[in-house]
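Asks: Take a look at this one; I'll ask things after.
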Amino acid sequence: MFNEMMMNDEVREPYRALVDWMEASGPETLQQKRLEAETLFRKIGITFAVYGEGGDPERLIPFDLIPRIFTAMEWRKLERGVKQRARALNTFLYDVYHNAEIIKAGIIPADLVFRNAAFEPAVIGIDPPRKVYSHIVGVDVVRVGPDDFYVLEDNCRTPSGVSYMLENREIMMRMFPELFSKLRIEPVESYPDMLHKTLKSIAPKRCDREPNIVVLTPGAMNSAYYEHSFLADQMGVELVEGQDLFVSEGRVYMRTTRGPARVDVIYRRIDDAFIDPLCFRPDSVLGVPGLMNVYRSGGVAICSAPGAGVADDKAIYTYVPDMIRFYLGQEPILNNVPTWKCANPDDLKYVLENLGELVVKEVHGSGGYGMLVGPASTKEEQATYAERIKADPGDFIAQPTLALSACPTFVESGIAPRHVDFRPFCLVGDDIRLTPGGLTRVAMREGSLVVNSSQGGGVKDTWIMAE
């Protein structure tokens, strides 16, 4: 396990100033600051929802006050790799909804795309503004050594967590102003402006004025509702639900107290299946009837585009390095985690014989649910999971249990290493923009590799040190 703060019993350079400050402050100060942070989270209302477990579904996300730190050089590599990946994924999306050249070239099997549950035939042939399908790409990155970064998965639909990135920084600046005055830490507060600029840049071809942008939410019961309202507020745009919008004469309008207001760009936080009951699920009450007809005609832009999910399927993930070579003519800057595809008979045989050593995931799974962490599972759990795999091999992939890097984390027993991952947020519009930072998720339980908040994980601020 690579400890990001310590190497060969010495503090690594990026953490030296922080360690000096912590030693000078003492554990009592850290404990006091921890309680202050918790109080701030409660006052601000930074929560997430977990359903089906009983009790109050609204949970306070665990916040760790010891930041994760990247050097400028480390960030440059991550930034270049994430931008490269976002470019390739968007080119892939445009390709498979048009000429499917990558499939004709025999690089990706046709069935993997066209029979994918996330592939939307209704989108075939549509030219979204700037040919961009996934406008916000959340790339989950793990680290296993000083220079070894791997992409764990891509999130091309509606990656969440950016509000935590921004609020983590706000709280850290309130609690530790002396650290921010001493150290040159790259700011992240420009993200809402960057997002707004990206959304403006994808205004549809029929927009002949300053575009009117809205954030479309499924409502207050959604687990990420705090983020929806937070981003709308930060951008200065309206937060709407499906019932607030309607279609008339080839345009989308918002109901307001001053009458209908035309909408040009919709940042939707609703799944494809629910955005238009006339095109997708007819029983949906969350979407806007007729929205897809307006989208096809160029009367409105949707961020991210319907059908973008086919690019972040975990089976498609295995081909992203091939996409980079095929579309960009480059070698991947960030590597994939080695992956076995259970749809392949040889891979299936290996996975079933080595369940106790692997992490097995559902191809369409998310949030840390539906997976088997082999080393932490019992023989009985492995046998049950094996039956699930055998019933539908194509629905599963497997990866080695990586020795994820660990960062110092303030837990009940004091400061201890805990495993982390990292999600930077890449914005794609007229340009590709990346805020110098991201969401670091931390597995608060000792030995755990599951960092998802719904599974007990927490968050910490991420510092990118300036040159």
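Each reported figure results from applying straightforward, stated rules to the coordinates on display, with no laboratory input. Bear in mind the structure is a predicted one, so any value in this text is a computation, not a measurement. Neighbour counts are summed over all protein chains in view; Cβ atoms, including those assigned to glycine, are modelled from backbone coordinates with ideal geometry.
Asks: State the Cα centre-to-centre distance between the range 304-382 and the range 110-159 in whole Å.
Replies: The distance from the Cα centre of the range 304-382 to that of the range 110-159 comes to 13 Å.
Asks: I'd like the FRET efficiency for residue 29 and residue 60, computed as 1/(1 + (r/R0)^6) with the beta carbon distance as r and R0 of 30 Å, rounded to 0.05.
Replies: It comes to 0.85.
Asks: Sticking to Cα atoms, compute the Rg of the range 95-164 to one decimal and its Dmax as the biggest Cα-Cα distance, whole number, in Å.
Replies: In Å, with Rg to one decimal and Dmax whole: 15.6, 45.
Asks: For a label point 7 angstrom out from the Cα of residue 335 toward its Cβ, which stretches of the range 434-451 have the backbone nitrogen within less than 14 Å?
Replies: Taking a point 7 Å out along Cα→Cβ of residue 335, no residue of the range 434-451 has its backbone N under 14 Å.
Asks: Quote the Stokes-Einstein diffusion coefficient, in whole µm² s⁻¹, for the range 62-195, based on the Kirkwood radius over alpha carbon pairs, a temperature of 20 °C and a viscosity of 1.002 mPa s.
Replies: 119 µm²/s
Asks: Separate question: How long are the three semi-axes of the equivalent ellipsoid of the range 65-121, in whole Å, if each is the root of 5 times an eigenvalue of the C-alpha gyration tensor, listed from largest down?
Replies: Value: 34, 14, 9 Å, ordered largest first.
Asks: Using the C-alpha atoms of the range 317-440, what convex hull volume per residue, in cubic angstrom, is computed?
Replies: Considering the Cα atoms of the range 317-440, their hull volume per residue is 159 Å³.
Asks: Compute the Rg/Rh shape ratio of the range 389-467: radius of gyration over Kirkwood radius, all on alpha-carbon atoms.
Replies: Answer for the range 389-467: 1.09.
Asks: Volume per residue, Å³, of the convex hull around the alpha-carbon atoms of the range 282-370?
Replies: Expressed per residue, the convex hull around the Cα atoms of the range 282-370 is 189 Å³.
Asks: Can you give me the P(r) profile for the range 369-415? Cα pairs, bins 10 angstrom wide beginning at 0, each as a whole percent.
Replies: Each 10 Å bin holds this share of Cα pairs: 20, 38, 23, 15, 4.
Asks: May I pose another question? For the chain, what is the relative contact order in percent, using Cα pairs closer than 8 Å and at least 6 residues apart in sequence?
Replies: 24 percent
Asks: Provide, for q = 0.14 Å⁻¹, the log10 of I(q)/I(0) from a solvent-free Debye sum over equal Cα point scatterers in the range 155-204.
Replies: Normalising to I(0) and taking log10 leaves -0.50.
Asks: Note down the relative contact order for the range 356-467 as a percent, whole number, built from C-alpha pairs under 8 angstrom at least six residues apart.
Replies: It comes to 20 percent, rounded to a whole number.
Asks: Now a separate question. Students often get this wrong, so check it: of 43/200; 205/314; 83/131; 200/314; 341/390; 43/197, which have C-alpha atoms separated by over 24 Å?
Replies: The answer is 43/200; 205/314; 200/314; 43/197.
Asks: What number in nm² do you get for the range 147-290 if you take the convex hull of its Cα atoms and divide its surface by four?
Replies: 12.6 nm²
Asks: At a threshold of 8 angstrom on Cα-Cα distance, excluding pairs fewer than six apart, so keeping six or more, what relative contact order does the range 53-158 reach in percent?
Replies: With pairs under 8 Å counted, the relative contact order is 20 percent.
Asks: Counting other Cβ atoms within 10 Å, which GluC sites (Glu not before Pro) in the range 177-269 have at most 15 and lie in a DSSP loop?
Replies: Loop-located and lightly packed - 189, 249.
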